[in-house]
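For reference, the structure discussed in these notes is given below.
The values are calculated or read from the model by the stated rules, or taken from the named source; none is laboratory data. Given the structure is predicted, the values throughout are model-derived calculations rather than measurements. Cβ coordinates were reconstructed from backbone atoms using ideal geometry, including for glycine residues, and neighbour counts include every protein chain displayed.
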Amino acid sequence: LVIINRDGLEIQPEDGEAINKEIYHVTWDVDAAEKGGYEDFMLKEIHEQPKAIKDTLTSRVLKNSPIQLENINLTKEELEAFDRVFIVACGTAYHAGLVGKTIIENLAKIPVEVDIASEFRYRDPLITEKSLLIVVSQSGETADTLAVLRDAKKIGAKVLAVTNVVGSSVSREANHVVYTWAGPE
C-alpha cells in the first residue's frame, strides 16, 4: 500500500510496518531523453559528448584547486596500499576503461587490468584485499558488472563505481562512487 499526501509518500507492506525509502530527484528533463532533431540516438550522443564531458568535470576540476570527487573517501594511505587496479565494464564503458588504464598507470605507477565483465567474472581473477576494483556502468544495473562487484566485495577488495544513475544498484553497493552526470541513457 502506498499513501500519498502533501508531505510525501509512505510505503506500507501488509504487516503495517512503514518502509522508508530515500527519494532521488531526477536532474534532467524530458527534452534530454528525446532525439533532439538527430536521426537517431547514437548520432545525438556523439554530438553531446563535449557537453557530457563538461558536465562531468565542471564542478570537479576548478582552477588552482584539487580535483573534487565527492563520494570517494579514501585516504592517501589507503590509495597507496592498493597493489593492483582492475577496471571492469561492458560495451562502450569497457573502452572508457582502456583510457582509464593508461591514465592510472602513467600517474599512479600501479598495474591496471581492464576486462569485460562477462568474461572477468568467469576467469577466476587474482583479486585480493589489496585490489581496487573500478566498475563502470552507465545505468548502474548491468548484470555482469554487478556480479563482479559483489564477488570482489566478498573477497574484501574495495570497489569504486563510475556510473550515471544515482540510486542504482552499482552506486548503492560500491564502497565509493563517481557520478558522471551525463543525463538520461
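Could you list all residues from the range 145-175 that are surrounded by fewer than 19 Cβ atoms within 10 Å (Cβ to Cβ), within 16 Å of I127 (Cβ to Cβ) and of a type outside the set (A, V, I, L, M, F, W, C)? Give the derivation first.
First, pick out the residues of the range 145-175 that are surrounded by fewer than 19 Cβ atoms within 10 Å (Cβ to Cβ): 147, 150-151, 153-156, 166-167, 172-173, 175.
When the remaining residues are screened for being within 16 Å of I127 (Cβ to Cβ), the result is 147, 150-151, 153-156, 173, 175.
Matches in the range 145-175: R150, D151, K153, K154, G156, E173, N175.
Of the conditions (1) touching a residue at least 12 places away in the same chain (Cβ under 8 Å); (2) within 19 Å of G183 (Cα to Cα); (3) within 17 Å of the chain's Cα centre (by Cα), V88 clears all except one; give me its number.
(2)
Since I104 meets every condition but one in (1) touching a helix residue (DSSP H, G or I) at 6+ places or on another chain (Cβ under 8 Å); (2) modelled with pLDDT of 85 or more, which condition does it not meet?
The number of the failed condition is (1).
Which of (1) surrounded by fewer than 13 Cβ atoms within 10 Å (Cβ to Cβ); (2) more than 15 Å from L160 (Cβ to Cβ) is the odd one out, the single condition G91 does not satisfy?
Single failed check for G91: (1).
Take residues that are among the hydrophobic types (A, V, I, L, M, F, W, C) and tell me which of the strands (runs of 3 or more DSSP E) falling wholly in the range 130-185 contain 3 or more. Before you say what the answer is, go through the steps one by one.
Numbers: elements: 131-137, 158-163, 176-179.
Fully inside the range 130-185 and qualifying: 131-137, 158-163.
Say we look at the range 31-62 and pick out the residues that are exposed (fewer than 11 other Cβ atoms within 10 Å of the Cβ) and at pLDDT below 75; which of these is nearest to G183 (Cα to Cα)?
D31
Provide a single number: the residues in the range 49-95 that are touching a Pro at 6+ places or on another chain (Cβ under 7 Å) and among the charged types (D, E, K, R).
Result for the range 49-95: 1.
Could you list, in sequence order, the residues of the range 130-148 that are of a type in the set (D, E, K, R) and touching a Cys at 6+ places or on another chain (Cβ under 8 Å)?
Filtering the range 130-148 down to residues of a type in the set (D, E, K, R) leaves 130, 141, 144.
Passing the criteria: only D144.
Among the listed residues R84, R121, identify the single one that is modelled with pLDDT under 90, farther than 25 Å from E45 by Cβ and surrounded by 13 or more Cβ atoms within 10 Å (Cβ to Cβ).
Just a single option satisfies the conditions, and that option is R121.
Looking at the range 140-151, can you tell me whether even one residue there is closer than 14 Å to V85 by Cα, touching a residue at least 12 places away in the same chain (Cβ under 8 Å) and charged (D, E, K, R)? Let's see the steps before the verdict.
Restricting attention to the range 140-151, the residues satisfying the condition of being closer than 14 Å to V85 by Cα are 148-149.
Those left that are additionally touching a residue at least 12 places away in the same chain (Cβ under 8 Å): 148-149.
Next, from what is left, pick out any that are charged (D, E, K, R): none.
Looking through the range 140-151, none of the residues is closer than 14 Å to V85 by Cα, touching a residue at least 12 places away in the same chain (Cβ under 8 Å) and charged (D, E, K, R).
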